[in-house]
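The structure appears below as structure tokens.
Computed from the coordinates by the stated procedures, all read-outs in this text should not be read as laboratory data. Here the structure is a predicted model, which means the values were calculated and not measured. Because the Cβ atoms are built from the backbone with ideal geometry, glycine has one as well, and the counts that use them run over all protein chains shown.
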Amino acid sequence: MTNITVVGSFAVGLTIRTDQMPVFGQTLLGSDFDFGPGGKGSNQAVGVARLGADATLVTCLGTDELAAVADKLYATEGVDTRYIERTDQRATGAGIIILNAEGENFIILDMGANEMMDAAFVDRAKPSIDRSDIVMAVLEIPVSAAMRAMQLGKAAGARTILNPAPATKLPQEIFAHVDYLTPNESELRILMGLAPDDPSSTRDLALALRDRGVGTVVVTLGGKGALILSEDHDMVVPTRRVDVVDTTGAGDAFNAGFAVALGEGRAVEDAVAFGAACGAHACTRLGVIPSLATRAELESAWTDVNIKTAMHKKGTR
């Protein structure tokens, strides 16, 4: 079985849908309120476990009532919790998510206990990292913790995946330890010091990012699929069109699927296609945890998805 360690975040999410986004001072009536577990690291660990891999999560919780939400989730999903620590210095992470009628969202986070993670915290999970095929990290935790996860993973001979979400400035030395960097288009721009809607070519920015030392840059393009740039790849892997209900969990679903497929020995373009199928599936469900597919749910999607790669065309952003 593929062993995957995720060094990342847990937060309880409170989601509500509204026809229009509020402005300051305005009160709106919403619908479809949902309360449940989230955090990008936690979501990706659950996604990995549902797809049949051996998933270990490295994170920090508070000692409050919200931590019990995590305990229940991991017991249900079979995520290894031996490297989850607790602190009474900060509350368990929490986030507020507002969805519009098109399924688009904005999110406000208080990462709380997650901010207690640092390089020494990750060092305590070294036994798990040392036996892993894949080591993943996100940026809802301090950069020092994410970078240490990449360093230890690389040193152990695992393949390393950094999902730079939410995007922030990264030290140059992290990139040499990242085998696969998986930003979306706005995160790519922020990593390059630009506005999230900068009109620069996505491919050109990905090339510039790869020049910093990353092995492979995989840029998720929403409904257009994903761009792969590496020494051997310069292509866009398409994805299926779906009726979008909620995009909140799509990135986490993609990264979980991508990691599992890589761990199973698939070629990078096939792993990206599998991740894209997971992301597309997630867009059809409301809420993050309900949107993370099991292997059985993806069987028909995998046979249907077009995994043929389309070479990058001039003018694609």
Just the Kirkwood number for the range 48-156, please: inverse of mean 1/r across all distinct Cα pairs, in Å, one decimal. 15.1 Å
In nm, give the distance between the simple-model label positions of Ala155 and Gln89, each being 7 Å from the Cα along the Cα-to-Cβ direction. 2.3 nm
Averaged over all directions, how much area does the convex hull of the C-alpha atoms of the range 90-151 cover when projected, in nm²? 5.6 nm²
Which of the peptides 68-76, 278-286, 87-95, 134-142 is most tightly packed, and how do the rest follow, going by the mean number of other Cβ atoms within 10 Å of each residue? 134-142, 278-286, 87-95, 68-76
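Semi-axes of the equivalent ellipsoid of the range 183-252: what are they in whole Å, largest first, if each equals the square root of 5 times a C-alpha gyration tensor eigenvalue? Display every interim value, and only then the final one.
Numbers: eigenvalues 91, 47, 20 Å².
Square roots of five times the eigenvalues give 21, 15, 10 Å.
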Would you kindly state how much longer the chain becomes between Phe24 and Glu264 on full extension, computed as 0.36 nm times their sequence separation minus their alpha carbon distance, in nm to one decimal? 81.6 nm
Highest to lowest packing among 157-165, 112-120, scored as the average C-beta count within 10 Å: 157-165, 112-120
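Just the projected area, averaged over all directions, of the convex hull on the alpha carbon atoms of the range 2-75: how many nm²? The partial results should precede the final answer.
Values: hull surface 26.9 nm².
Seen from a random direction, the Cα hull of the range 2-75 projects 6.7 nm² on average.
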In the chain, how does Rg compare with the Kirkwood Rh, expressed as the Rg/Rh ratio over alpha carbon atoms? 0.94
Relative to the present Cα-Cα distance, how much length would full extension add between Ser201 and Val242 at 0.36 nm per residue of separation? 12.2 nm
With no solvent and one equal point scatterer per Cα, compute the Debye intensity ratio I(q)/I(0) for the range 4-43 at 0.16, 0.25 Å⁻¹ and report its log10, rounded to two decimals. -0.57, -0.83
If I require 18 Å or longer along the helix axis, counting alpha carbons, and a Kyte-Doolittle average no lower than -0.5, what helices from the chain are left? Use full DSSP H segments. 143-156, 250-263, 268-282
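Give me the Å³ per residue figure for the convex hull around the C-alpha atoms of the range 146-284. Could you put the intermediate results ahead of the total?
Working: hull volume 14.1 nm³, N = 139.
With only Cα atoms used, the range 146-284 gives 102 Å³ per residue.
Restricting the count to DSSP beta bridges whose residues both fall in the chain, what percent are antiparallel, rounded to a multiple of 5?
40 percent
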Using +1 at the Cβ of each Lys and Arg and -1 at the Cβ of each Asp and Glu in the chain, identify which of Pro142, Val23, Val217 lies farthest towards the dipole's positive end. Val217
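Counting each DSSP H run of 4 or more residues in the chain as -39500 (n - 2.57), what helix-only mean residue ellipticity at 222 nm follows after dividing by all residues, to the nearest 500 deg cm²/dmol? Display every interim value, and only then the final one.
Values: 10 runs with 101 residues, N = 317.
Rounded to the nearest 500, the figure is -9500 deg cm²/dmol.
Of all beta bridges DSSP finds with both residues in the range 1-76, what is the antiparallel percent, to the nearest 5? It would help to have the intermediate numbers written out before the result.
On the way: 6 of 11 bridges.
Of those bridges, close to 55 percent are antiparallel.
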Rg and Dmax of the range 155-205 over Cα atoms: what are they, in angstrom? 11.9, 39
Can you list the equivalent-ellipsoid semi-axes of the range 71-217, largest first and in whole Å, using the square root of 5 times each Cα gyration tensor eigenvalue? 26, 22, 14
Quick check: Cα centre of the range 110-140 to Cα centre of the range 155-204, how many Å? 18 Å
